[in-house]
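S.K.: After the structure tokens below, expect a handful of questions from me.
The values are calculated or read from the model by the stated rules, or taken from the named source; none is laboratory data. The structure displayed is predicted, hence computed values, not measured ones. Don't worry about glycine lacking a Cβ; one is built from the backbone with ideal geometry, like all the others, and counts go over all protein chains shown. The area values use the complete protein model at the heavy-atom level, side chains included, leaving out ligands, DNA and RNA. Shrake-Rupley method; radii C 1.70, N 1.55, O 1.52, S 1.80 Å.
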Amino acid sequence: DPSTQNVEPPPARTGPQPAGIVLRKDMKPTIFAPGILRYDLVREAQGARSTFCSMLYFEPGAKAPTHYHPATEEAQFIVSGELTAVYGNEVAVCRTGDLYLAEPGLRHGFTNKSDRQAVLLAIHPTCKPERVMVDDSDLPY
């Protein structure tokens, strides 16, 4: 349990935005896959040395390619909506507030089978996650 103490807040800064703070209005999305927009929140451009974090917006029917990361895990938090997830050889439904941890080497992916947009926060413990695409035709996904 970290200890806390009352301290005076530092004076407010004025001037240009620090590199470590990225405002949503300044972010430019990329197309991760058809129907999926990705906003990179934390990456090397913001000064990160060991973290990559992105927010993905899945339109109804959108499917993220099934893949795995050979050397790192990936934590995925469902911010809103419902996504059907591949987890190794299993398929599960993840809903708002659920957390999904894909261990290194575990195939994973998501499909939005609902009729509403779903939002996923993806966190990698490296700035450059290696992604290996894999087949998922053996699953009811």
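S.K.: Can you give the net charge of the other residues whose Cβ lies under 14 Å from the Cβ of A33, counting K and R as +1 and D and E as -1? Before the final figure, lay out the partial values.
M.R.: On the way: positive: R38, K63, R131; negative: E59, D136.
Result for the local shell: +1.
S.K.: Follow-up question, since we're still on this one. Counting heavy atoms of the protein chains only and a 1.4 Å probe, report the per residue accessible area for the chain as a whole number of Å².
M.R.: Numbers: 8810 Å² over 141 residues.
Accessible surface, normalised per residue, equals 62 Å².
S.K.: Heads up, I need the accessible area for M133: 1.4 angstrom probe, whole protein in place, Å², nearest 10.
M.R.: Looks like 110 Å² after rounding.
S.K.: Let me ask something additional. Pairs of alpha-carbon atoms within less than 8 angstrom and 6+ residues apart define the contacts here; what relative contact order does the chain have, in percent? Working shown, then result.
M.R.: Details: 314 pairs, mean separation 37.3, N = 141.
Contact order relative to length: 26 percent.
S.K.: Counting only other residues whose beta carbon sits under 13 Å from that of T72, what net charge do I get with K and R as +1, D and E as -1? Spell out each step's value before the answer.
M.R.: Numbers: positive: K128, R131; negative: E73, E74, E103, E130.
Result for the neighbourhood of T72: -2.
S.K.: Still on this structure: Tell me which residues come under 5 Å, amide H to amide H, from T72 once H is placed; ignore anything under 5 positions away on its chain.
M.R.: Residues meeting the criterion, in which the H sits 1.01 Å from N, are G105.
S.K.: Still on this structure, I have one more. Can you pull out the trypsin sites (Lys or Arg not before Pro) in segment 27-86 whose DSSP state is coil and whose Cβ has at most 12 other Cβ atoms within 10 Å? Could the numbers behind the result be given before it?
M.R.: Numbers: sites: R38, R43, R49, K63; in loops: R43, R49.
Here the sparse-neighbourhood loop sites are R49.
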